[in-house]
Amino acid sequence: MTEIEVRGLTKTFGAVTAVRDMSFTAPDGKITGFLGPNGSGKTTTLRVALGLVRPSAGEVLIGGVPYRRLAQPRRRVGALLETAGFHPGRRARDHLRVLASPAGVPDHRVDEVLGLVDLGSSGNRRVREFSLGIRQRLGLAAALLGDPQVLLLDEPANGLDPGGIAWLRALLRSLAGEGRTIVVASHVLSEVAQTADQVVIVTAGELRFAGPLRELGGSGGALESAFLKLTAVAG
Amino acid sequence: MLTQIRTELRKLATVRSPWLLLAAGPAIVVAGITGLVSDGGNVHDPAVQGRAMAHVGLAAVFTLIFGILAVAGEYRHGTITDTFLSFPRRGRVIAAKLAVYGLAGAAAGLVSSAAALAAAAAWWAARGGALQLSAADTWRTLAGGVAANCAFALIGVGLGALVRNVAGAVALALAWIALIEGIAGQLIGPGLARWLPFSASEALGRAAITATRLLPQWGGGLVLLGYAAVFAAAGVLVTLRRDVT
């Protein structure tokens, strides 16, 4: 059981309400597209799910347990977040080695995941030499390190070139084919239309839709028009 | 806790900047002792030998900045997110950093002490003197210097967790040492000023052995340990409460 349940989640930062009474479930073994305009609360929701941000009300459970209570969280949940960074002077392989011991995986797993994201030959390079797209791949490698059943990815296509985006789509498809639960937060609708089974649409911190993609018409164009209608400011 | 400690050691082992900072300690000690002798310090005067050894305690300013990098450096590069994803129990992360950085600070103090002995031995010999290694004062000064290097690394870890911004924390620490503590000391008077952190570290590292304005060495050590405990506790509390965005 690795479904992700967002239950009555509210988060305020000072006077700003980033997420308001949000509830949805990302089902076990499916890819859920988490869609919304910039500033709609997607990242905040993911950060609460990962125990980085404390909710003002409600909770997010992963397989029935909050992230903070997972014993070896990197073996259960892999995350790619936009603000997660790298020490520019650290080599790519060393960045992953730092994460390997808390994930409880042996160091040779580091070379495996480097190969998985096509960085097998770049392990000894320092992160400062990397483009945004290569850093994104390294971040994905970190998320996959503990071979987790759950993946939470915030704008994973950021910085990837068209070839990289096609590669990412294939990777997500093959990870989902292994029965993993994947949440992809994105505002690139066409990407989500091609990969997701489920969609969750939020705007201004509130849920607008949660359900199978086919209910919104399935195709990329239909998703876009549904998205624009659902996220339009009321009135 | 062992996994947290091993992870912190790996982080340190895979970057260069903290090591350059720690290497600055022995370098400044050698330069300081060279300056002391060049400036006319009499190598036959035991007090001059004491002043030479007291440079070890002054080098603690580098372990302070080293400690600041432990947490604030992770916020700067955004690696703190991955750290807390690995270890959602943040208090243990800070505790592991205190252990690793405190020991590294003490080790830097030991290296600085060896550098002080070597530099002094070379200069004393060059000027026709001989180091009095049997002088208890020499060892007390060096031991205090090592303790100051350790304590300042701990204070740095706590300060970096509180301020989170490397430039801000380093600026605050250096301004405190160079300016603020002196002015604060004048405002509150010498009786209270000797309880301030830099004065306590001077007492511990015996930077001014003759000065009656300082606490005794052991007193300076206890006071500095108290500051380290307060900064560490405050750093943990704030880290537990704060959102990582």
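The values are calculated or read from the model by the stated rules, or taken from the named source; none is laboratory data. This one's a predicted model, so the numbers in the text were calculated from it and none came from an experiment. All Cβ positions, even for glycine, are placed from backbone atoms using ideal geometry, and neighbour counts span all protein chains on display. Side chains are part of the model used for accessible areas, which takes the heavy atoms of the whole protein and leaves out ligands, DNA and RNA. Shrake-Rupley method; radii C 1.70, N 1.55, O 1.52, S 1.80 Å.
What number results when the radius of gyration of the protein assembly as shown, computed over Cα atoms, is divided by 2.2 N^0.38 Å? Don't skip to the answer; put the middle values down first.
On the way: Rg = 27.4 Å, N = 480, 2.2 N^0.38 = 23.0 Å.
It is 1.19.
Using a probe radius of 1.4 Å on heavy atoms only, what accessible surface per residue do you get for segment B:104-245? Whole Å² is fine.
Computed with neighbouring chains in place, this is 46 Å² per residue.
For segment A:77-235, what is the charge dipole size about the Cα centre, in debye to the nearest 20, if Lys and Arg each add +1 at the Cβ and Asp and Glu each add -1 at the Cβ? Don't skip to the answer; put the middle values down first.
On the way: 16 positive and 17 negative charges, 74 e Å.
Around 360 debye, computed over segment A:77-235.
If you find the alpha carbon centre of segment B:86-138 and of segment B:24-51, how far apart are they in angstrom?
Cα centroid to Cα centroid, the span is 16 Å.
Take the Cα coordinates of segment B:58-151, assign each an equal point scatterer, and use the Debye formula without solvent to give log10 I(q)/I(0) at q = 0.11, 0.14, 0.16 Å⁻¹.
Rounded to two decimals, the profile gives -0.46, -0.63, -0.73.
List the lysines whose alpha-carbon lies under 20 Å from that of residue B:97, not counting same-chain residues fewer than 8 positions away?
B:11
Could you please state how large a percent of the accessible area of the protein assembly as shown is carbon and sulfur, counting protein chains only and using a 1.4 Å probe? Don't jump to the answer; show the numbers that get you there.
On the way: 11980 of 19880 Å².
Reported share for carbon and sulfur atoms: 60 percent.
Viscosity 1.002 mPa s, temperature 20 °C: give me the Stokes-Einstein translational D for segment A:1-80 in µm²/s, with Rh taken as the Kirkwood radius over C-alpha pairs. Could the numbers behind the result be given before it?
Values: Rh = 13.0 Å.
In µm²/s, the coefficient rounds to 165.
Projecting each Cα onto the charge dipole of chain B (Lys/Arg +1, Asp/Glu -1 at the beta carbon, about the Cα centre), which of B:55, B:108, B:216 comes out farthest on the positive side?
B:108
Helix B:90-126 sits at what angle to the longest principal axis of chain B, using alpha carbons and giving 0 to 90 degrees rounded to 10?
20 degrees
Considering all projection directions equally, how large on average is the shadow of the alpha-carbon convex hull of chain B, in square nanometres? Don't skip to the end; give the middle numbers.
Numbers: hull surface 54.3 nm².
Computed as one quarter of the Cα hull surface, the answer is 13.6 nm².
Two decimals is fine: what is log10 I(q)/I(0) at q = 0.11, 0.15, 0.17 Å⁻¹ for segment A:113-216, from a Debye sum with one equal scatterer on every Cα and no solvent?
Debye curve over Cα of segment A:113-216, log10 I(q)/I(0) at q = 0.11, 0.15, 0.17 Å⁻¹: -0.37, -0.67, -0.84.
At 1.4 Å probe size, with no ligands or nucleic acids counted, give the accessible surface of residue B:227 in Å², nearest ten.
Surface open to solvent at residue B:227 totals about 60 Å².
Ballpark to the nearest 100 Å², how much total accessible area do B and A bury together, probe 1.4 Å? Please report the intermediate quantities before stating the final value.
On the way: alone 11830 and 10650 Å², together 19880 Å².
The summed interface area works out to 2600 Å².
Given segment A:46-142 reduced to its alpha-carbon atoms as identical point scatterers, what log10 I(q)/I(0) does the Debye formula return at q = 0.18, 0.21 Å⁻¹?
Debye intensities relative to I(0), on a log10 scale: -0.86, -1.05.
Whole Å is fine, so just give me how far the alpha carbon centre of segment A:201-215 lies from that of segment A:76-135.
Taking the Cα centre of each part, segment A:201-215 and segment A:76-135 sit 33 Å apart.
Over the Cα atoms of chain A, what is the Rg over Rh ratio if Rh follows Kirkwood?
Details: Rg = 17.4 Å, Rh = 18.1 Å.
Using Cα coordinates only, the ratio equals 0.96.
Give, rounded to the nearest 20 debye, the magnitude of the charge dipole that chain B has about its Cα centre when Lys and Arg contribute +1 at Cβ and Asp and Glu contribute -1 at Cβ.
Working: 18 positive and 9 negative charges, 132 e Å.
So the magnitude is around 640 debye.
Can you quote the Å³ per residue value for the convex hull of the Cα atoms in segment B:128-245, rounded to an integer?
On the way: hull volume 16.1 nm³, N = 118.
Cα-based convex hull of segment B:128-245, divided per residue, equals 137 Å³.
Could you give the size of the charge dipole of segment B:8-114 about its Cα centre, using +1 on the Cβ of each K and R and -1 on the Cβ of each D and E, expressed in debye and rounded to the nearest 20?
Working: 9 positive and 5 negative charges, 111 e Å.
Dipole about the Cα centre, nearest 20: 540 debye.
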